[in-house]
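To start, the structure itself, in structure tokens.
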Amino acid sequence: MNSTKTIGIIGGGQLGQMMAISAIYMGHKVITLDPAADCPASRVSEVIVAPYSDVEALRQLAEHCDVLTYEFENVDADALDAVAKEGQLPQGTDLLRISQNRIFEKDFLANKAGVTVAPYKVVTSSLDLEHLDLSKKHVLKTATGGYDGHGQVVIRSEADLEDANKLANSAECVLEEFVSFDLEISVIVSGNGKDVTVFPVQENIHRNNILSKTIVPARISDKLSVKAQAMAVKIAEQLNLSGTLCVEMFVAGDEILVNEIAPRPHNSGHYSIEACDFSQFDTHILGVLGKPLPAIKLHAPAVMLNVLGQHMEQAQAYIAEKPSAHLHLYGKIEAKHNRKMGHVTVFSDEPDSVEF
Ligand code: AMP
């Protein structure tokens, strides 16, 4: 029996690269589609060099692969509908459409999955911001295309209304109540279309809206951890999830609110490569292939630090001092400011002391 498959990954960045490495360990072959011939995944896979929206290139990828997956959610869902044969895209395109649009995403989370989200309303123009209760803080987010805090305006007072009105008149938006959270967490969950498996709860610390540090397990009560994992499982089950999904949440007192979902392995799950017996990339590959999924064990408390362009020297110095830390570099050539160049995972139960 030949159980070797050819897996097509749309997007050859670090997530595509780490998915490919897991797939290769399991004996599969990988072809990625990326506009850059020297993308991170090019080190470990064949690359079809073309824009993500190039339907002819997607067709070529589909023709050469048994299964298709993607490393990011802004893939053209219509183009994938057109090329993916029956069952060739186990994640489907519904999940993509949900996670591409905050209006669909909130509706799915609140009304279909039945999990708690921050109170919100859809905003189609600045008229919807008239009579806004300015005694509460809000955040206005574009429905599509925003990431890492881009396309967002926090409304604290009247002074922020000019920017908010501009954003509201430029694109469909979602207006959320600002959550005074104690901490941000995320949960990785993977499915194979039937069953799901869930990872430990991760605590995330952002700097300038970019993930800086992930601490596992998150410093919350067992009760809250169980609740967060149950919410992630509920979402996964509602989606008949195939592959890996990350659920980002806020913890506010005893409440957990879901902020957003990412239908793919996530930066906050990178620690799982060393700290768990199966990584989020392993379970992604197993999941999209419809294989049985293992229960996940955390070997020991761990901390992940992102290595951005400006941290390259500090990261090298850190590793020289601390050879037990695991350095990952994605093979990107230019170390631009704020560009994710790699990450470091360290086993530690003193997370505050883990810094470059
Ligand atoms: P997002 O693009 O939705 O992931 O938001 C980026 C970051 O903005 C989050 O990680 C939070 O730190 C912050 N944020 C987003 N939405 C809210 C909210 N409703 N209340 C408080 N902070 C928020």
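The values are calculated or read from the model by the stated rules, or taken from the named source; none is laboratory data. What you see is a predicted model; the values in this text were computed from it and never measured. Cβ atoms come from the backbone with ideal geometry, glycine included; neighbour counts cover every protein chain shown. The accessibility values were calculated without ligands, DNA or RNA, using every heavy atom of the protein model including side chains. Shrake-Rupley method; radii C 1.70, N 1.55, O 1.52, S 1.80 Å.
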With all protein chains present, the chain has a carbon and sulfur share of its accessible area (1.4 Å probe) in percent of 48 percent
The extension gain from E177 to S353, computed as 0.36 nm times the residue separation minus the Cα-Cα distance, is 60.0 nm
Long-range amide H partners of L183, meaning residues 5 or more apart or on another chain whose placed amide H is closer than 5 Å, are V251
With +1 at each Lys and Arg Cβ and -1 at each Asp and Glu Cβ, the charge dipole magnitude of the chain around its Cα centre, to the nearest 20 debye, comes out at 620 debye
Scaled by the rule-of-thumb 2.2 N^0.38 Å, the alpha carbon Rg for segment 39-138 gives a ratio of 1.49
Once the dipole of segment 119-177 is set up from charges on Cβ (+1 Lys and Arg, -1 Asp and Glu), the residue from the list H138, P119, L175 lying farthest towards its positive end is P119
Here the Cα Rg-to-2.2 N^0.38 Å ratio for segment 271-356 is 1.24
Two pseudo-spin positions, 7 Å from Cα along C-beta at T4 and at K322, lie apart in nanometres by 4.0 nm
The distance between the Cα centres of segment 41-70 and segment 259-318, in whole Å, is 23 Å
Note: segment 6-89, point scatterers on Cα, Debye, no solvent; log10 I/I(0) at q = 0.14, 0.17, 0.19 Å⁻¹ equals -0.37, -0.56, -0.71
Any aspartates and glutamates whose Cα falls less than 15 Å from that of K291, other than same-chain ones fewer than 8 residues away, would be D66, D195, D282
Output ordering of 286-299, 119-132 (per-residue mean of other Cβ within 10 Å, highest first) is 286-299, 119-132
By the DSSP-based rule, helices of the chain that are at least 24 Å long along the axis (C-alpha) and have a mean Kyte score of at least 0.0 are 222-239
Rh (Kirkwood, all Cα-Cα pairs) for segment 183-299, Å, reads 13.9 Å
Quick shape summary for the chain, equivalent ellipsoid via Cα gyration tensor, semi-axes whole Å in descending order, reads 31, 26, 21
For the chain, dividing by residue count, accessible area per residue (probe 1.4 Å) in Å² works out to 44 Å²
One quarter of the C-alpha convex hull surface, i.e. the mean projected area of segment 119-177 in nm², amounts to 3.6 nm²
Proximal lysine pairs in segment 126-282, meaning Cα under 30 Å and 8 or more positions apart or interchain, come to 20
Residues of segment 194-232 with backbone N under 18 Å of the label point set 7 Å from the Cα of Q314 along Cα→Cβ are 204-215
Taking R0 as 41 Å and r as the Cβ-Cβ distance between S53 and E237, the FRET efficiency 1/(1 + (r/R0)^6), rounded to the nearest 0.05, comes to 0.85
